[in-house]
Structures are given as C-alpha cells and as structure tokens.
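This report refers to the structure that appears directly beneath it.
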Amino acid sequence: MIDALLTWLNDGCAEGDNRRPRLTGGVVAGLYRNSSKVTLILFDERGQLAAVAKATRRPSAEAALMAEYAALKELTSTAPEAMQGAPLPIALERVDGHLVLVESPVPGEPMTARYYSPGHTSDASRVARDFEAAEGWLERFQRKTANDEMVIDSVSIDACVDGVRSRYRREIGWSGLEEELFETLARRALAFEGTRLPRVGVHGDFWMGNLLMAEGRIVGVVDWELARLNGLPFQDTFKFPTSYGFYLDRAYPGNDGVVPGHSSWGRGRDRWARYGDWSNLVGFRYSYFEQGWFPTLVQQFIERQLARAGVPLGLVSVFFPLFLAEQAMTLDDPVFRDGYRSALLAFWGERESTWLWNEEKAGFSVRTLGGKDL
C-alpha cells in the first residue's frame, strides 16, 4: 500500500505539487483494531515529514474521507484566515484499491500528550491553560467563519429538533422518556422565538486528540471529516469540555477510581449506574452535575464562548441534549452509540440538578423569555 501510494505521489498526482522533494518512505501512525481507516505518515528524501495520508480499510469509510476532503476544500477557500494550522487537502484518489486522502502535515503535539502526562489533569492551573488554548482557537475560528444567521421560529426549530429526533429514533432507538425529552426541547426552544443565532464554521470533533499544541497554544487542528461551513456555535463549544471530562480517571490507571485533584469525581457513581455502565458516564456526571474547580471551569468555558457569539445562555437547555443525541449518531460504534444514549437519558433524568437546565443553578431564567412557563 505505502509503495503504491509513494509511486503515485511521486509520479505527479492530480493536485499535488511536483516541485516538492520526492517521497521515499512512510510509517503507519494510526490503526485501531476496529478502525475502518489507517493513517500513514510520509517522509521525503531528506527525512522530513512531507504528507499525511488516510486510507480506507473498508468501503464504509469512504464517505468520511470524501466529506473531509470536501470540507477542507470549502473552508480553506472560503475562510483561509480561520484555517491557519489546518491541513491543506492535496488529493483524494483511489490507490491500490483503497480510497486515499492526502493532506499536508500539521505541526504540534496532541493535547492528549499533556493530558496523560503525570499530574497534569490534577493541576487546576494546567487544565485552565488547556481550556484557554481551546477557547482562544475556537473563538477565532467562529469569528472568522461567521457568515449568516438563523432566526428561531417554528420552522427553524422543526429543522433542528425534529431533524435530530427522526434520525435518532431510526438509528439509536426510542422510549417514552426520549419522546418526552424531544417534545419538551421543542417547546422550550420556542420560548426563544425571534432570537438570532450566528451561522459559523464547525469542526465537528473538537476534542483534545485533534488539537495540536506548541508553546502553550493550539497551532494545528486535524480530522475535519465532520466539519461544515454553515453550522451553529454549539457542537464544538460542548465537545471540548465534555470530552476533557470523560477521561480524567484514565489519566490515573490503577488508582481504584480515585482521581487526584478531583475529590467529587466518583460521587453518585452507584446511583448513576442505573443509566448504564459506559466508562465515560462518571466523568460526564462529574463535569456537569457536580461542584468543584473543574465543573466550574467547564461551565465558564461554555458561558464565555456562547456570550461571545451572542447566544442566550438559556439555549444550552435545548442544544446540549441535542448535542448528546447527535454524538450518539456520529460514530458507527455500538459502545459510543449506547454510551451517548445513556448520557442523554441520564441528563433527562437528572436535569433539575444541573445548571444546563435548572436556571436556579445557572444564574439565568429561561421562564422569563417570551413570558412562557416551561
């Protein structure tokens, strides 16, 4: 596979730069047991990193590569300033029977390298710097890609809520609780009728593993297969702190459920077991339903990001559960699908105890908007 890819690139692929040094080798950089793709790092004759290639292992992965190629082409041509640090799409071609996406290399070290270094996530100041770096990059990206507005009305809410509901019901499953949840979201959203929401670029998978850092700031962002130009500012805003909280215990393996620096991490774990046994559910509960410096950091990150975008904070009660439902449908992995479904049902069951829903805990009142009692 690597030899065929190098030959094709060196012979002059359709969109490549023939002035670059010849490519002479490559290594497999990312391959998981159940992964439908493999990532290859390619080097030139000087031994320098020259390109990154993603190749399908199964036909089911082809749509993701085509989507990433199309998103990068659109975003880099439409909003080039916003895409500094993103890979440039070089080519999308079938090589040796596999669809291959070739991109330019991106500098930096994944934030996960810091995350899993000893003591990092137990140090409030270090974690705060990670959040500041993510917040700074995301604020700039959304500001540079802002292109339109969505006015909340019955039509737009139908598209947002019912669109997610129909797909979720078809792909994930359904119960009376989910029926109640989605009906309530639609009603609550209409309390904000007339509110204007910015249309911005969306990365779609804005978590630590895709954020590359150097000297304390984000210098690169990779994996754009879920990206789009004309989205709402919620998905990336929710994705980063949610994923950061998921894995706090994994940074301390063999610690018997004790997470240094996070004394309330395991509180309520047994009671929440009724929602499922997903390994990320405890971190989810801690991030959004507990007290402490980390849950406060999560709340402040979301509040500031939405305030900059001009979004009423009360809308988190609508778009956060929609985010969970959409995440359940993102990966073709039953563990994550079932896991996010359990998180959504846990959110609904425990909603009165989180600032995401309960205005008494958040410092805002959704009931005053539009004069409607929700």
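The values are calculated or read from the model by the stated rules, or taken from the named source; none is laboratory data. A quick note: this is a predicted structure, and the numbers were derived from the prediction, not measured. As a convention, Cβ positions derive from the backbone with ideal geometry for all residues, glycine included, and neighbour counts pool all protein chains shown. These accessible areas exclude ligands, DNA and RNA; they are computed on the full protein's heavy atoms, side chains included. Shrake-Rupley method; radii C 1.70, N 1.55, O 1.52, S 1.80 Å.
What order, most packed first, do the peptides 95-101, 312-318, 201-207 have when packing is the mean number of other Cβ atoms within 10 Å of each residue?
Numbers: 95-101: 19.1, 312-318: 21.7, 201-207: 23.7.
In descending order of packing, they fall as 201-207, 312-318, 95-101.
Which of the peptides 160-167, 338-345 is most tightly packed, and how do the rest follow, judged by the mean count of other Cβ atoms within 10 Å per residue? Don't jump to the answer; show the numbers that get you there.
Working: 160-167: 17.1, 338-345: 21.8.
The peptides rank, most packed first, as 338-345, 160-167.
Sort the following peptides by mean Cβ neighbour count (other Cβ atoms within 10 Å, averaged over residues), highest first: 246-259, 43-56. The partial results should precede the final answer.
Values: 246-259: 14.9, 43-56: 17.6.
Descending mean neighbour count gives 43-56, 246-259.
With n ≥ 4 as the cut-off for DSSP H runs, can you work out [θ] at 222 nm for the chain, using -39500 (n - 2.57) per run divided by the number of residues, rounded to the nearest 500?
Values: 14 runs with 155 residues, N = 374.
Computed mean residue ellipticity for the chain: -12500 deg cm²/dmol.
Could you give the length gained on full extension between Thr296 and Arg250, defined as 0.36 nm per residue of separation minus the Cα-Cα distance, in nm?
Values: separation 46, 0.36 × 46 = 16.56 nm, distance 2.08 nm.
That pair, Thr296 and Arg250, stretches by 14.5 nm at full extension.
On the protein heavy atoms, probe 1.4 angstrom, tell me the percent of accessible surface of region 240-322 carried by carbon and sulfur. Intermediate values should be presented prior to the final figure.
On the way: 1530 of 3230 Å².
C and S fraction of accessible area: 47 percent.
Angle between the Cα long axis of helix 62-78 and the longest principal axis of the chain, 0 to 90 degrees, nearest 10?
In the chain, helix 62-78 runs at an angle near 90 degrees to the longest axis.
Express the accessible area of the chain per residue in Å², computed with a 1.4 Å probe while the remaining protein chains stay in the model. The partial results should precede the final answer.
Values: 16650 Å² over 374 residues.
Per residue, the chain has 45 Å² of solvent-accessible surface.
Specify, per residue and in Å³, the volume enclosed by the convex hull of the alpha carbon atoms belonging to the chain. Intermediate values should be presented prior to the final figure.
Working: hull volume 54.2 nm³, N = 374.
In the chain, the Cα hull volume divided by residue count equals 145 Å³.
Quick one: helix 176-189 against the long Cα principal axis of the chain, what's the angle to the nearest 10°, folded into 0 to 90?
With rounding to tens, the tilt is 90 degrees.
For Arg129 and Arg46, FRET efficiency with R0 = 22 Å and r from the beta-carbon atoms, rounded to 0.05?
Values: r = 34 Å, r/R0 = 1.57.
According to the calculation, E is roughly 0.05.
Would you mind getting me the FRET efficiency between Gln84 and Asp332? Use the beta-carbon distance for r and R0 = 25 Å, nearest 0.05. Don't jump to the answer; show the numbers that get you there.
Working: r = 31 Å, r/R0 = 1.26.
With a Förster radius of 25 Å, E is 0.20.
Percent of accessible area on region 48-128 owned by carbon and sulfur, 1.4 Å probe?
Within region 48-128, the accessible surface is 53 percent carbon and sulfur.
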